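Below: one structure, written as structure tokens.
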Amino acid sequence: MNDLFSAWIESGWLRGLVNLILIIALVFVALHLLNLAIALIDKRFIATTGDPDRRARLQTLSKAASNTIRIIIIAIGVLIGMGTVGIDIGPALAAAGILGLAVSLGAQTLIKDVIGGITILLEDQYHVGDIILVDDVTGEVEAITLRRTDVRDSEGRLFMVPNGDVRIVANETRDWARALVELNFGFDTDQDQTISVLEGALARLAADPNIQPHLLAPPEIFGWNGISEWAVVIRLSVKVVAGKQMEVARVMRHYGLEALREAGIPVESTARRFFLSDHGKPIDATKPK
């Protein structure tokens with residue numbers, strides 16, 4: 001019995017078993033230290049962040065980084081353990097390389113989306129609650145994950161945009177925005193009177209207590225800003241707090257149209273320009289019969 005035990009010791013199996021147990025213990029210690037580091041980072045930096053959007057973004061990045069490090073630690077431990085028990089890891093590495101290549105080719109879209117998600121989070125391109133335009137989708141960001149961005153448009157439709165497809169994005173709620181209203185007038189409209197009336201409307205807008213907190217600059221009027229075959233265009237503009245441009249534009253349009261109606265100045269539109277004949281065909285009302 002002693003001779004068998006001595007032979008087993010001399011064969012190196014005991015030494016290999018001890019080394020394998022030591023490697024497993026080191027892997028568990030490394031994973032435990034990683035968990036402690038993540039908890040410390042979350043307590044010291046992430047949990048103390050006041051902005052909920054920034055906190056959620058940091059938590060997503062922390063989770064992705066920690067999972068990646070865990071996989072690396074376990075993979076290194078497995079490879080070292082295989083070498084310790086006498087298994088040639090060369091073929092295993094070659095097989096892993098081939099498998100990794102096959103997975104990367106099959107999941108290249110997923111990898112592209114994840115890398116795009118990490119880039120979006122790191123560069124802080126937009127937050128949950130922002131209004132963005134990406135591709136042909138405009139709406140409010142409801143969620144951001146490593147793989148996709150959920151955007152809900154004004155009709156309530158939820159678009160799930162892969163992060164890998166986010167190339168050019170317009171953020172309408174970042175820093176500041178501009179509320180714009182364009183009004184069409186006939187060629188024979190008195191420009192000076194029209195601008196004077198609209199200046200009164202913009203003064204009323206600037207004095208509105210519900211609108212004042214959203215304004216970053218005095219409202220402006222751009223005279224004959226454009227021209228078409230049937231009308232000239234006057235543009236009203238004001239710099240506002242990001243995300244408030246639609247609300248301010250609605251009120252600005254209301255004050256402008258109300259002032260024009262009181263002054264008896266007509267506003268041109270396609271509905272005003274065309275009417276239907278007895279046969280149901282559209283006829284240009286601005287041209288003589």
>> In whole percent, and with a 1.4 Å probe on the protein chains, what portion of the accessible area of the range 174-235 is carbon and sulfur?
In response: 47 percent
> According to the square roots a ≥ b ≥ c of the eigenvalues of the Cα gyration tensor, what is the shape class of the range 31-164, taking rounded for a/c under 1.5, prolate for a/b larger than b/c otherwise, and oblate for the remainder?
Replying inline: oblate
> With every protein chain left in place, what is the accessible area per residue of the range 118-189 in square angstrom, probe 1.4 Å?
Replying inline: 56 Å²
>> Given 25 °C and 0.890 mPa s, compute D for the range 138-187 with the Stokes-Einstein relation, Rh being the Kirkwood radius over Cα pairs; round to the nearest whole µm²/s.
In response: 184 µm²/s
> In whole Å, what is the distance between the alpha-carbon centres of the range 24-71 and the range 192-225?
Replying inline: 51 Å
> Once the piece of chain linking Val169 and Ile98 is laid out straight, how much longer is it, given 0.36 nm per residue of separation minus the C-alpha distance between them?
Replying inline: 21.9 nm
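Would you kindly calculate the mean projected area, averaged across all directions, of the convex hull enclosing the Cα atoms of the range 135-276, in square nanometres?
Across all orientations, the range 135-276 yields a mean hull projection of 11.5 nm².
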>> Give me the extension gain from Thr138 to Arg157: residue separation times 0.36 nm, minus the current Cα-Cα distance, reported in nm with one decimal.
In response: 5.8 nm
>> Suppose R0 equals 35 Å. What FRET efficiency, 1/(1 + (r/R0)^6) with r the Cβ-Cβ distance, do Leu31 and Asp124 give to the nearest 0.05?
In response: 0.70
> Top to bottom by accessible area (1.4 Å), largest first, where do Ser196, Ser269 land?
Replying inline: Ser196, Ser269
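The values are calculated or read from the model by the stated rules, or taken from the named source; none is laboratory data. None of these values were measured; they are calculated from a predicted model. Note: ideal-geometry Cβ built from the backbone for every residue, glycine included; neighbour counts use all protein chains shown. Just the protein is used for accessible areas: all its heavy atoms, side chains included, with ligands, DNA and RNA removed. Shrake-Rupley method; radii C 1.70, N 1.55, O 1.52, S 1.80 Å.
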